[in-house]
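Undergrad: If you scroll down you'll find the structure; I have some questions about it.
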Amino acid sequence: LRSEIILNTAGVSGTGTTSSRIKRFANVEKSVGKAITLIQSATGGDTFTINETGIYTASYSDFQSAAAAFGISINLTAEDTVNLISISASNRLCVVSMPNDTTGFCQWTGELSAGDVLRAHTGNSTTSISLATRFYIAKLL
C-alpha cells in the first residue's frame with residue numbers, strides 16, 4: 001500500500017506558537033499507509049516523520065499576503081523560528097519566493113531515510129486561509 005498524506009487549511013491555519021515559522025494545517029484530507037507519520041502540534045506546527053527509507057515526493061503551496069519565501073525544510077535542529085531562506089541550504093528541500101498577495105508552489109522528489117523530518121516552513125508568520133494552501137507527501141518507491 002502506498003503511503004500519502006494530504007493537508008489543507010480550509011479556513012483555519014497558522015504556524016506553531018513556539019515554532020513560529022512551521023505551518024499548521026487545519027484539515028487532513030487523506031492519510032494512508034505507515035511510511036509517514038504526521039504529528040500536528042499547536043506549539044511546534046506540523047511535522048512529517050519518515051518511517052521507511054525510500055523515494056518520496058513532497059509539495060507545498062501557500063498564499064501569502066506579504067512578500068515571502070517558503071518551502072519544505074528537512075531535519076531542523078533549532079531553526080524553526082527563522083525564515084526558511086535563512087536556514088542552511090542542506091536543510092531546504094525546495095524554496096519559492098513570491099510577491100505579496102500571490103500563491104506559490106514548490107515540489108521536491110528524491111530519497112529520504114527513516115528518521116528524516118520534513119516541515120512546511122514559512123518566511124513569515126502570516127496566517128493563510130486560502131484553499132490554495134496545501135501540503136502533499138507520498139512514498140513512491
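Undergrad: Could you tell me which of the residues G16, G33 is open to solvent by less than 40 Å² (accessible area, probe 1.4 Å) and out of contact with any strand residue (DSSP E or B) (no Cβ under 6 Å at 6 or more places or on another chain)?
TA: So the residue among G16, G33 that is open to solvent by less than 40 Å² (accessible area, probe 1.4 Å) and out of contact with any strand residue (DSSP E or B) (no Cβ under 6 Å at 6 or more places or on another chain) is G33.
Undergrad: Take the stretch 74-86 and flag every residue that is at pLDDT below 95 and of a type outside the set (A, V, I, L, M, F, W, C).
TA: T77, E79, D80, T81, N83, S86
Undergrad: Select the strands (runs of 3 or more DSSP E) contained entirely in the stretch 16-77, then report the ones holding at least 3 residues which are under 25 Å from M98 (Cβ atoms).
TA: By residue number, 23-32, 45-50, 54-64, 68-74.
Undergrad: Out of (1) free of Cβ contacts under 8 Å to residues at least 24 places away in the same chain; (2) open to solvent by 40 Å² or more (accessible area, probe 1.4 Å); (3) within 19 Å of S20 (Cβ to Cβ), what's the single condition that is false for F63?
TA: Exception for F63: condition (1).
Undergrad: Just a yes or no: is a residue in the stretch 28-37 more than 23 Å from T109 (Cα to Cα) and touching a Gly at 6+ places or on another chain (Cβ under 9 Å)?
TA: no
To keep it simple, each residue is scored yes or no on (1) more than 12 Å from I137 (Cα to Cα); (2) open to solvent by 20 Å² or more (accessible area, probe 1.4 Å); (3) modelled with pLDDT under 85; (4) hydrophobic (A, V, I, L, M, F, W, C).
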{"site": "L7", "(1), (2), (3), (4)": "no, no, no, yes"}
{"site": "L38", "(1), (2), (3), (4)": "no, yes, no, yes"}
{"site": "A69", "(1), (2), (3), (4)": "yes, no, no, yes"}
{"site": "I72", "(1), (2), (3), (4)": "no, no, no, yes"}
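The values are calculated or read from the model by the stated rules, or taken from the named source; none is laboratory data. Nothing here was measured: the structure is a model prediction, and the numbers come from that model. Note that we place each Cβ from the backbone using ideal geometry, even for glycine, and neighbour counts take in every protein chain shown. Side chains are part of the model used for accessible areas, which takes the heavy atoms of the whole protein and leaves out ligands, DNA and RNA. Shrake-Rupley method; radii C 1.70, N 1.55, O 1.52, S 1.80 Å.
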